[in-house]
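Notes follow the structure.
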Amino acid sequence: MEIPVIRNVLEANGKLAASLKDQFAKHGILALNLISSPGAGKTSLLERTLTDLASEFRMAVIEGDLQTDNDARRVAATVQINTDGGCHLDSNLVMEALGAFDLNEIDILFIENVGNLVCPVEFDCGEDAKIALLSVTEGDDKPEKYPLLFNRASAMILNKIDL
């Protein structure tokens, strides 16, 4: 007997993601899901973005991490989600985190996903776009090794170019 576990998990996640998309649209929120390898610079990018765009946009961050709140302490307007070893955020976790925000006070919601190039790509979090971050220190073969992310991403940011 075959049990389609992954399909069922993704279907349930997709239904919640559709509800999140509706909420974001209703409140005029641009939701961006940042996905990269650990250490590629998602948090540094957010620190700079939150500072540089603070006068133009009201922004919030949902911070996903395996164990610590190290990144969350660096980023203001954050809800921390510790996955306790889980390799990605999903729509259920994002929906729970939204309870901490007044959605009428947000223009842009950044979802800083767990550092992983595989699992976060499969799970829709209701975002308007997946953004792939790639640091030059990782080498040039990441798009070839992880094509799903680079095919599904609406944009890619090449980071740490000064190195």
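From Cα pairs below 8 angstrom and at least 6 apart in sequence, can you work out the relative contact order of region 18-156, rounded to a whole percent?
On the way: 258 pairs, mean separation 49.7, N = 139.
It comes to 36 percent, rounded to a whole number.
Determine the sum of side-chain charges near His27: Lys and Arg each +1, Asp and Glu each -1, restricted to other residues whose C-beta is under 15 angstrom from that of His27. Let's see the in-between values first.
Details: positive: Lys21, Lys26, Arg58; negative: Asp22, Asp102, Glu105, Asp107, Glu127, Asp128.
Its environment carries a net charge of -3.
Which cross-chain or sequence-distant (5 or more) residues have an amide H under 5 Å from the amide H of Val79, H modelled 1.01 Å from N in plane?
Val61, Ile62, Glu63
May I ask you to evaluate 6.51 cos²θ - 1.76 cosθ + 1.60, the Karplus curve with θ = phi - 60°, for each residue of region 9-19 and list the ³J(HN,Hα) values in order in whole Hz, giving x for glycine and proline?
5, 5, 5, 5, 4, x, 5, 5, 4, 4, 5
Give me the count of lysine pairs in the chain whose alpha carbons sit under 16 angstrom apart, restricted to pairs 8 or more positions apart or on different chains. Numbers along the way, then the final one.
Values: Lys21/Lys130; Lys42/Lys130; Lys42/Lys160; Lys142/Lys160.
So the count works out to 4.
Rounded to the nearest 0.05, what FRET efficiency do Asp141 and Lys26 have when you use their Cβ-Cβ distance and R0 = 45 Å?
Efficiency computed from Cβ-Cβ geometry: 0.65.
Match the structure shown to one of the listed values (1) 1, 7, 10, 13, 14, 15, 14, 11, 8, 4, 1, 0, 0; (2) 2, 9, 18, 22, 21, 15, 8, 3, 1, 0, 0, 0; (3) 2, 9, 15, 18, 16, 13, 11, 8, 5, 2, 1, 0, 0 of P(r) over Cα pairs in 5 Å bins from 0, in percent, computed from it, and give that label.
Recomputing P(r) over Cα pairs in 5 Å bins from 0, in percent here gives the entry labelled (2).
Apply the Karplus parameterisation 6.51 cos²θ - 1.76 cosθ + 1.60, with θ equal to phi minus 60°, to every residue of region 120-137 and state each ³J(HN,Hα) to the nearest whole Hz, in sequence, with x for glycine and proline.
Along region 120-137, the couplings run x, 5, 6, 9, 6, 10, x, 5, 6, 7, 8, 10, 8, 10, 9, 9, 4, 5 Hz.
To the nearest Å, what is the center-to-center distance of region 94-120 and region 23-57, using C-alpha atoms only?
Result: 9 Å between the Cα centres.
Apply the Karplus parameterisation 6.51 cos²θ - 1.76 cosθ + 1.60, with θ equal to phi minus 60°, to every residue of region 138-153 and state each ³J(HN,Hα) to the nearest whole Hz, in sequence, with x for glycine and proline.
7, x, 9, 9, 4, x, 6, 6, 10, x, 4, 4, 6, 7, 8, 5
I want to check the label-to-label distance for Asn92 and Arg58. Put each point 7 Å from Cα in the C-beta direction and report it in nm to one decimal.
About 3.1 nm separates the two model spin labels.
Tell me which residues come under 5 Å, amide H to amide H, from Gly126 once H is placed; ignore anything under 5 positions away on its chain.
none
For the charge dipole of the chain, defined by +1 on Lys and Arg C-beta atoms and -1 on Asp and Glu C-beta atoms about the Cα centroid, which residue among Leu148, Phe57, Val114 has the Cα displaced farthest towards the positive pole?
Leu148
Quick check: net charge around Ala97, other residues with Cβ under 12 Å of its Cβ, Lys/Arg +1 and Asp/Glu -1?
-4
Coordinate-derived values only; no laboratory data. In this text the structure is predicted, and so the values were computed from the model without any measurement. Note that we place each Cβ from the backbone using ideal geometry, even for glycine, and neighbour counts take in every protein chain shown.
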